[in-house]
1. Give me the pairs: first residue in region 44-68 and farther than 22 Å from Gly306 by Cα and in contact (Cβ under 8 Å) with a residue 24 or more places away in the chain, second residue of a type in the set (S, T, N, Q) and part of a helix (DSSP H, G or I), beta-carbon distance under 7 Å, and six or more apart or on different chains, which are they?
2. Within region 22-58, how many residues are modelled with pLDDT under 95, within 12 Å of ligand 1 (Cβ to nearest atom) and in a helix (DSSP H, G or I)?
3. Can you tell me which residue in region 256-265 is surrounded by the fewest Cβ atoms within 10 Å (Cβ to Cβ), limited to those that are at pLDDT 95 or above and under 16 Å from Thr225 (Cβ atoms)?
4. Out of everything in region 104-115 that is surrounded by 13 or more Cβ atoms within 10 Å (Cβ to Cβ) and part of a helix (DSSP H, G or I), what residue ends up being farthest from ligand 1 (Cβ to nearest atom)?
5. When residues of region 130-175 are filtered for being away from ligand 1 (no atom under 12 Å from the Cβ), more than 19 Å from Cys37 (Cβ to Cβ) and either surrounded by fewer than 21 Cβ atoms within 10 Å (Cβ to Cβ) or not small (Gly, Ala, Ser) (or both), how many remain?
6. Residue pairs, Cβ under 6 Å, 6 or more apart or interchain, first in region 2-18 and farther than 15 Å from Glu176 by Cα and β-branched (Val, Ile, Thr), second within 6 Å of ligand 2 (Cβ to nearest atom) and in a loop (DSSP other than H, G, I, E, B). List them.
7. Name the residue, out of Thr141, Thr99, that is more than 30 Å from Gln305 (Cα to Cα), assigned to a loop (DSSP other than H, G, I, E, B) and within 16 Å of ligand 2 (Cβ to nearest atom).
8. For the condition within 11 Å of ligand 2 (Cβ to nearest atom) and more than 14 Å from the chain's Cα centre (by Cα), what is the one hit in Leu154, Leu131?
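The values are calculated or read from the model by the stated rules, or taken from the named source; none is laboratory data. Nothing here was measured: the structure is a model prediction, and the numbers come from that model. Ideal geometry is used to build each Cβ from the backbone, glycine not excepted, and the neighbour counts take in all protein chains shown.
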Amino acid sequence: MERKIIYSAVQPSGNLTIANYVGAIRNWVALQSDYDCFFAIADLHAVTVRQEPAELRRRTLELAALYIACGIDPEKCALYVQSHVSAHAELCWILNTLTYVGEASRMTQFKDKSLKHAENVNMGLMDYPVLMAADVLLYQTDLVPVGADQKQHLELARDLALRFNNRYGETFRIPEPYILKGSARIASLQDPAKKMSKSDENPNASVFLSDDRDTILRKFKRAVTDSGNTVVCAEDKPGVSNLLQIYCSFKGCTVPEAERAFEHTGYGDFKLAVGETVADALAPVQAEQQRLLADKSYLSQLLKQGADRAFYAARKTLSKVYRKMGFYRGE
Ligand code: ATP
Ligand code: LTN
């Protein structure tokens, strides 16, 4: 039987946080043996917000090393840099002609980022979800593992695929979001009403995968908790609930199990335990990432191999798109 196709990506737009790890990359590892996977480093998406060129270059390679350190096997899946496959930008242009300005401007992320980067509300920012649709549709993707925050973008990808198919004939497979069980939404350590994000201006709000043990312990020590002194997951305890979620994600246990373990523990010791658990779990990943980054030519060779694989699959879809739309392709 034909294997289903999975596509996902992360932007090299900042240092990754434990939320990106728990909510995205870590979950992909289990998928590689059962699906044909494409995992990209979305650098074209990253530049919708201003990036320092040297940083973008460094982070792109760091993200590649991190994927592999987390357990993504470049032999099993296509691991590549989005800008290495020009078909993404080409299909994005085509899909732009099917996207209404109204629907693009209604996207929550566009509205949020427009407020956050008011000095640079560029066309790319508005086009972000269309490029994402191009990513997914190019590979005839069945499933897209992402966090709940990306669901709206996937709805657009589905709408665009259906619109194209209705207008020009069956071309794209209709992708489904794949919100994985256990991939909880992790909140900011300083404001549990906000999601933890790599671009938060408060460095204590997010734990980065590059943070060393002391920094991790310090950030958890400073994390906001709630009134009271019991370690339980409850609506009126968003801070403690978030810390419990983080603990469980790294310890691999359930919330009731964790609540029981901390039944007689105060907030100070609880936060220390969460920090230690996270630091212990990250240490081997960090070490492996550093080992990989020491051999840049090997990494770049792996990325080239991934891009070749992606290019081959993408070209097939793109030729079909051009043909169906009536672009002259020669005799
Ligand atoms: P930025 O702050 O630059 O917008 P981000 O930290 O929100 O970035 P993205 O690059 O947008 O991260 O997302 C990468 C992946 O991580 C996506 O699959 C997304 O759903 C997941 N993710 C991001 N933030 C969280 C979170 N707080 N909890 C769980 N998953 C998350
Ligand atoms: N916007 C995504 C990253 C991304 C993506 C994709 C995810 C770019 N292209 C295609 C899934 C499929 C995010 O997670 N912030």
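1. From residues that are farther than 22 Å from Gly306 by Cα and in contact (Cβ under 8 Å) with a residue 24 or more places away in the chain, the pairs are Arg50/Asn120.
2. Final tally of qualifying residues: 7.
3. Glu259
4. By that ranking, first place goes to Ala104.
5. 17
6. Hits for this filter: zero, empty list.
7. Thr99 is the lone residue from the list that is more than 30 Å from Gln305 (Cα to Cα), assigned to a loop (DSSP other than H, G, I, E, B) and within 16 Å of ligand 2 (Cβ to nearest atom).
8. Leu131
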